[in-house]
Amino acid sequence: MAEIEVRGLRKAFDGTEVLKGVDLTIENGEFISLVGPSGCGKSTLLRVIAGLEPQSSGEIRIDGISADGVRSSARNLAMVFQSYALYPHLSVFDNIAVPLRMKRLSALARLPILGRLMPGRQRTERGIRAEVERVADQLEISPLLKRKPGQLSGGQRQRVAVGRAIVRQPRAFLFDEPLSNLDAKLRVHMRAEIAQLHRQLKTTFIYVTHDQAEAMTMSGRIAVMIGGELIQVGTPSAIYEDPRDIRVAEFIGTPKINAFPGRIRGDGRLEVLGHVLHAATPAPAGECRVCVRPERIDLTGSGVFSGTVVHLENLGSEAFVHVASEGMSAPVVARVNDPSLLPTIGASVGYGFVPDAVRAFDGDGKRIATEIASRVERPRGMAVV
Amino acid sequence: MTTRIHTYLWPATRHILLLAGALVMLTPFIWMLSTASKPQTEIFSSELHLIPHHFALWDNLRTAFAKANLWRYLLNGLIVTISIFGLQVLVALPAAYALAKLRFLGRDVLFALVVFCILIPPQATAIPVFLLLHKLGVLDTYAALVLPFTISVFGIFLMRQFFKTVPDDLIDAARMDGISEFGIVWRVMLPTAIPAVTAFGIFSVVAHWNDYFWPLIVLNSEHLQTPPLAVAQFRNNEAGTNYGPLMAAAIVIIAPLVVAFLFAQRRFIEGITLTGIK
Amino acid sequence: MSDAVATLQAVPATARNRVPVFAGSRPAARSAYALVAPAFILMLMMLIGPLAGVIALSFTDYQLGAPSFAWIGLSNYHEMFADRVFWISLKNTLTYVAIVVPGAVALGLGTALLIQSGAGLRSLYRTIYFLPVMATLIAMAIVWEFMLHPQFGLVNGVLRAAGLQGHSWLQERGTALYSLCAIGVWQATGFNMVLFLAGLVSIPKHLYDAAEIDGAESAWSRFCLVTWPLPGPVTLFVVTISAIRSFQVFDTVQVLTKGGPSKSSEVLIYTMYAEGFEFFRSGYGAALTVVFLAFVLLLTLVKSALGNREVHYA
């Protein structure tokens, strides 16, 4: 159990800065996901926390103590790798036992034959055996203990890797995209298992993934990283509903959030495709982006925007309608909850959205505050609903 | 603190050990260059020196070329190695394709036979093959040097393994486009296999350029000699008196491969160690 | 690229040619036989036939040029086992293998580990150590001969400078074979090194990370946990291939010592060469070949017996 603090962390490889000053406090016992597109530095951050890479500058503190110069093994963190990194020549039992043997047996006692003669080794080995068996039982891999990793399925290897991590009772678990080598169905299943494991162990979990769905469904908090910077940290719902940066808004959520080109007028009202919205902002006048999630686009009402249906995605329980509009480079995507009400391809449709659904971002992509503009204050306002 | 010392001490130790080994590896090459650059009087002095007092490399090379028809031997080497490689590809590629991608009765037996033949060392078949070439009346010809090596079971095996990785869809697409099975080998499979063929080519050329055993057995005529045979002949003729020109001749013989190797090390190492996947 | 060109050119032929593919396997099978035929015939002529031939010949008294021959059963073998030269030759070959294999394998592994353990100058070292593999062995053997020259050679020169007594390395009974062994180790080390390097490179880097996290703190414990067990099959392979290659030693012997002095460096393939191609006693040479083959076969069997304990990469 540990609180991990990351302060002003920078990391450069051959002059390329991969981490550009990351600050993050991970609470004791929480499940936090580091999420971001590939190459954003999330895996590097994890490896620096693990002690596998030294940072260029900045500091890692574990339970208030600086981890600088502390070997990875001494940090007492466990890691589950994307490739599982099981030792191919060792049986499942021996794989899980490695961290315990490394800790409890001297180098001499670990020697193949000579080691058996070392005093006390028998007793230590018995203890190790009991613990490995308990973990195997917990993960339901007891029947596999004698096999080699090469004889296991992807999901089974995954469990062995997790077993090797939990057997040592670490202060925190680090996961580096552990599900990305599994097929879609198994991945959903393992998500639930890992979440369940966290509830059981109540230890700190740091989980790196590029799959926003994994992050959204499993973690208590999400840290979104883009281009080596931590853009936003918050609960899944806060990240989804209240993105602080357009990159976060666009990365989280499928289908992607709709981004309309917009303008802030002199009087503070937002204007999109020639229509003035019932939304105002204190931000200075200029260009902006107005973003609306697909489920907030209303196709049924008499919205002021219009376009042509170019594509339909009917998933059975819900459907997405792609509407091409003049002035938009990409079609607007709208979710329809009742697929029986779908328009036909080629049909002209009107759409709109309530001011509450608007998330506006300035020219730099930073979120700007919006409020519902009152009808009374602005006479002759062109209402958009 | 100890790690600090470690980080400087270890690379230094590593370099010292590796450099010492490298020196041993290079000594014969250095000594060869040094001797080839010395005049007779300096070679036959019991005082050791690396840099010649009088630089005689050109004289020694001239003598070497005058005493032996080195150009001819290099040409022989080229003719023999290129012919062997060309014929090996011609024979092996179609067979490898059929073994990898076609279904026919006896395929598995044939492949087992190929794998078995890989294990036969070349010296083992020398006497019967020699007798066969004798019967055919082609001893002491280029044909005697080339013919036994036109079949490379190793090449077949290698190419077959490579072709296994080529997607069937590509072949089906070619068939849909009306290319014959024979056409597929050369117009579809060969282009995809260029890296493997190159690696095999290097393996084959190096092996046969350096081969001494077989040319020694089947050749009599001096004008057909391959480079290794020629340099051995040169040594026998001079009976250990003319070391300068002998070393110069040795340089000439190893130069083509060594220079090619220095230019394309990665490919060469890949090619030579192909046997590593046997 | 060029298959796209081929595809385009072949389009008009589609209609005419599509029958064989869909109409069943017989025409396709016929082309398969046509494709393998040249290879198959050459294989019979140059490999399988001669292999059977060499075994058959070993039971005859055939001599090249002789008008006829007779089946003489095991006489060649009786003669061989009674011949002192054969036993010397076999003993020398085994000595050569017993020195060159451990030498070249240990040095190859050591060099590979040293090269792999740091980042600096890797490719330079690899190139230098591999150079002897590339260079024509015959040419280099002649260079070695001069380096081992009793009077003007580098080796004795250095020994003299160090106040030690030199030898006529290749001309003395006690040193000739060992000198050839030294050349053999010098030549084979680079080859083994490259094979080991390939094995070391194929170890997934994540395993070292995992070992680090699992508490393998010293370089030695990481070596024990990850490096050493994983290229196990590579080691087995390198040992076998080195042994087979060492059994075939011939070039250096033929050019430098001719098996001498007084048979002290006589080796199996050289004896076979002398009997078969200098004295043209094909039958007797064939019997020697069969002995050589038996050893190669034995090595291969040992390898495949051990090789079944293969490491699976996860």
Subset of the range A:27-61 (residues that are in a strand (DSSP E or B), in contact with a helix residue (DSSP H, G or I) (Cβ under 8 Å, 6 or more places away or on another chain) and either within 27 Å of C:GLU217 (Cβ to Cβ) or not assigned by TED's automatic domain parsing to the domain that holds A:MET79 (or both)): A:LEU34, A:ILE60
Go through B:ALA199, B:ALA174 for me and flag whichever is more than 12 Å from every other protein chain (Cβ to nearest Cβ), in a helix (DSSP H, G or I) and either over 28 Å from C:TYR284 (Cα atoms) or within 18 Å of the chain's Cα centre (by Cα) (or both). B:ALA199
Among the candidates A:GLY286, A:GLY262, residue that is in contact with a strand residue (DSSP E or B) (Cβ under 9 Å, 6 or more places away or on another chain) and surrounded by fewer than 17 Cβ atoms within 10 Å (Cβ to Cβ): A:GLY286
Considering (1) closer than 23 Å to C:ILE55 by Cβ; (2) touching a Lys or Arg at 6+ places or on another chain (Cβ under 8 Å); (3) charged (D, E, K, R), say which one B:LYS135 fails and leave the rest. (2)
In the range A:126-140, is there at least one residue being facing chain C (nearest Cβ under 8 Å) and not hydroxyl-bearing (Ser, Thr, Tyr)? no
Is at least one residue of the range B:186-198 within 30 Å of B:ALA230 (Cβ to Cβ) and either buried (at least 20 other Cβ atoms within 10 Å of the Cβ) or of a type in the set (A, V, I, L, M) (or both)? yes
Select, from B:GLN225, B:GLN233, the only residue that is of a type outside the set (Asp, Glu), more than 30 Å from C:PHE237 (Cα to Cα) and either in the same structural domain as B:ASP59 (by TED's automatic domain parsing) or surrounded by fewer than 21 Cβ atoms within 10 Å (Cβ to Cβ) (or both). B:GLN233
Within the range C:219-231, can one find any residue that is farther than 24 Å from B:ILE272 by Cα, more than 14 Å from chain A (Cβ to nearest Cβ) and not in a loop (DSSP other than H, G, I, E, B)? no
Kindly list the number of the only condition in (1) of a type in the set (S, T, N, Q); (2) more than 14 Å from chain B (Cβ to nearest Cβ); (3) in contact (Cβ under 8 Å) with a residue 24 or more places away in the chain that fails for C:THR93. (2)
Please pick out the residue among B:THR35, B:THR63 that is of a type outside the set (D, E, K, R), part of a helix (DSSP H, G or I), more than 8 Å from chain C (Cβ to nearest Cβ) and over 30 Å from C:LEU44 (Cα atoms). B:THR63
I'd like the full set of residues that are of a type in the set (Val, Ile, Thr) and in contact (Cβ under 8 Å) with a residue 12 or more places away in the chain, limited to the range B:126-159. B:VAL129, B:THR141, B:VAL146, B:THR150, B:ILE151, B:VAL153, B:ILE156
Against the definition (over 30 Å from A:TYR87 (Cα atoms), at pLDDT below 90, in contact with a helix residue (DSSP H, G or I) (Cβ under 6 Å, 6 or more places away or on another chain) and of a type outside the set (Asp, Glu)), how does C:PHE292 come out, yes or no? no
Here's a check for you: in the range A:159-189, which residue that is crowded, with 20+ Cβ neighbours inside 10 Å and either free of Cβ contacts under 8 Å to residues at least 60 places away in the same chain or of a type in the set (S, T, N, Q) (or both) is nearest to A:ILE96 (Cα to Cα)? A:ARG159
Any idea how many residues of the range C:180-213 are of a type in the set (Ser, Thr, Tyr) and surrounded by fewer than 23 Cβ atoms within 10 Å (Cβ to Cβ)? 2
Among the residues of the range C:119-135, what is the count of those that are in contact with a Pro (Cβ under 9 Å, 6 or more places away or on another chain) and touching a residue at least 12 places away in the same chain (Cβ under 8 Å)? 1
C:PRO261 surrounded by fewer than 20 Cβ atoms within 10 Å (Cβ to Cβ), touching a residue at least 60 places away in the same chain (Cβ under 8 Å) and facing another protein chain (nearest Cβ under 9 Å): no
When both residues are 6+ apart or on different chains and their Cβ atoms are under 9 Å apart, which pairs have a first residue that lies in the range A:145-158 and is outside the structural domain of A:LEU179 (by TED's automatic domain parsing) and modelled with pLDDT under 85, and a second that is in a helix (DSSP H, G or I) and buried (at least 17 other Cβ atoms within 10 Å of the Cβ)? none
If we take the range A:281-372, then strands (runs of 3 or more DSSP E) inside it with 1 or more residues that are over 20 Å from A:TYR240 (Cα atoms) are A:286-292, A:305-314, A:319-324, A:348-351
Residue that is assigned by TED's automatic domain parsing to the domain that holds A:ILE49 and farther than 30 Å from A:ARG104 by Cβ, where the choices are A:ALA223, A:ALA161, A:ALA172: A:ALA223
Failed condition for A:GLY227, given (1) touching a residue at least 60 places away in the same chain (Cβ under 8 Å); (2) within 25 Å of A:ASN76 (Cβ to Cβ); (3) touching a helix residue (DSSP H, G or I) at 6+ places or on another chain (Cβ under 9 Å): (2)
So which residues in the range B:236-251 are assigned to a helix (DSSP H, G or I) and either at the interface with chain C (Cβ under 9 Å from one of its Cβ atoms) or in contact with a strand residue (DSSP E or B) (Cβ under 7 Å, 6 or more places away or on another chain) (or both)? B:ASN236, B:TYR243, B:LEU246, B:MET247, B:ALA249, B:ALA250, B:ILE251
In this structure, is A:VAL6 buried (at least 21 other Cβ atoms within 10 Å of the Cβ), in contact with a Phe, Trp or Tyr (Cβ under 8 Å, 6 or more places away or on another chain), at pLDDT 90 or above and more than 10 Å from chain C (Cβ to nearest Cβ)? no
State whether one or more residues within the range A:108-118 are in a loop (DSSP other than H, G, I, E, B) and within 26 Å of A:PRO178 (Cβ to Cβ). no
When you scan the range C:243-299, how many residues do you find that are small (Gly, Ala, Ser) and not in a helix (DSSP H, G or I)? 5
Which condition from (1) over 17 Å from the mean Cα position of the chain (by Cα); (2) within 20 Å of A:GLN82 (Cα to Cα) is the one that A:HIS278 breaks? (2)
Are there any pairs, at least 6 apart or on different chains, whose C-beta atoms fall under 9 Å, with the first in the range B:38-60 and assigned to a helix (DSSP H, G or I) and the second loosely packed, with under 15 Cβ neighbours inside 10 Å and among the β-branched types (Val, Ile, Thr), and if so, which? B:GLN40/B:THR241
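The values are calculated or read from the model by the stated rules, or taken from the named source; none is laboratory data. The shown structure was predicted, so the numbers you read here are calculated from the model rather than taken from an experiment. Using ideal geometry, Cβ is built from the backbone for each residue, glycine included, and neighbour counts are taken over all protein chains shown.
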